[in-house]
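The values are calculated or read from the model by the stated rules, or taken from the named source; none is laboratory data. All of these numbers come straight from a predicted model, not from anything done at the bench. Don't worry about glycine lacking a Cβ; one is built from the backbone with ideal geometry, like all the others, and counts go over all protein chains shown.
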Amino acid sequence: MVRRWLCSQAYAKINLHLEIGDSRPDGYHNLISLFHLISLSDSIAVYAEASDQFSCSIKGQPDIDSEKNLMFVAAQAFCESIGKPLAVTIDIIKRIPMKAGLGGGSSDAACILRLLNELEQQPLDAMALNNLAIAIGSDVPFFVADVPVAIVRGKGNRIEALKARKDLWCLIAVPRGDGISTREAFARFDHMRDVGKVDHHLSLSNSQLTESYASGCGTWPFFNDFTGVLDEQNRLWWERVNEKTEKTECLYTNLSGSGSAFVWISSISQELNQISQIIKHQDNNITLYMTKCLHTGQTDGTFWVMR
């Protein structure tokens with residue numbers, strides 16, 4: 001018997017903007033963010049067959065306890081939702097760095113939901129998949145929605161897709177070594193806000209976010225509340241790089257998500273190439289990724305069969 005594996009790409013995201021609101025009773029925070037898919041991706045293949053009980057084997061991430069892996073959580077949640085235990089095998093080629101604020105784990109989980117739903121002849125509609133995604137993590141609904149760019153609010157469940165630009169490039173710099181988990185970053189932010197050490201920003205409306213996104217990157221009023229709780233080493237490194245970088249109307253820089261990835265975004269790829277050279281000369285303990293900010297037609301939301 002020949003096994004049939006269904007495969008897809010799980011794309012990373014960057015946060016162009018991130019506001020952290022009040023804590024919620026469910027332990028999450030109300031957020032306002034602008035997410036953008038980028039061309040950096042993990043490749044995932046899934047095989048599933050009927051079984052007396054649920055099981056999930058993951059190849060390609062031996063350093064993570066399977067049951068704590070969001071792909072395992074997604075597969076288990078899917079089987080419980082359709083009332084059918086499956087023996088699931090997942091094979092992943094991991095390219096998106098972990099604990100970098102690029103949404104790799106959430107994108108992988110969303111990809112598993114969509115692949116299993118396709119393998120099982122789509123028993124769940126878009127709303128049911130979204131509800132599963134919300135229960136798994138706040139970034140997962142955006143990836144399940146499979147749109148290139150969107151304003152994301154609340155717990156991550158309120159998604160407003162925007163018309164994606166076709167001219168944006170993104171340079172990502174990730175310090176090597178241990179990153180910071182999202183949970184740790186929020187705990188640090190809550191503590192510093194409680195003691196009055198977090199800068200207050202005026203919230204941006206959906207219309208402000210939409211209009212700004214369409215303008216020159218150097219004019220963007222976007223911010224990331226997590227920059228206020230950066231550790232001193234990373235903050236100083238970021239400042240040193242930016243001191244040597246010419247500010248232009250085409251260039252924007254910020255932290256992505258809760259970090260540790262820093263991003264530079266421009267409509268001129270040569271600008272980002274110059275910045276990458278500055279970083280290479282300054283620090284060899286940084287991993288760099290030159291990526292494209294994806295738009296409709298570039299994202300590969302299709303699946304293919306691997307025999």
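Here is how the numbers come out for the structure above:
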item	result
Matching strands (runs of 3 or more DSSP E) fully within region 9-122 where at least 3 residues are among the hydrophobic types (A, V, I, L, M, F, W, C) and touching a residue at least 60 places away in the same chain (Cβ under 8 Å)	29-50
Only one of 181, 138 that is in contact (Cβ under 8 Å) with a residue 24 or more places away in the chain, polar (S, T, N, Q) and in the same structural domain as residue 223 (by TED's automatic domain parsing)	181
In region 121-140, residue surrounded by the fewest Cβ atoms within 10 Å (Cβ to Cβ) [restricted to those that are within 21 Å of residue 153 (Cβ to Cβ) and among the polar types (S, T, N, Q)]	131
From 118, 160, residue being within 30 Å of residue 208 (Cα to Cα), surrounded by fewer than 17 Cβ atoms within 10 Å (Cβ to Cβ) and among the acidic types (Asp, Glu)	160
All positions within region 1-46 that are surrounded by fewer than 19 Cβ atoms within 10 Å (Cβ to Cβ) and hydroxyl-bearing (Ser, Thr, Tyr)	23, 28, 39, 43
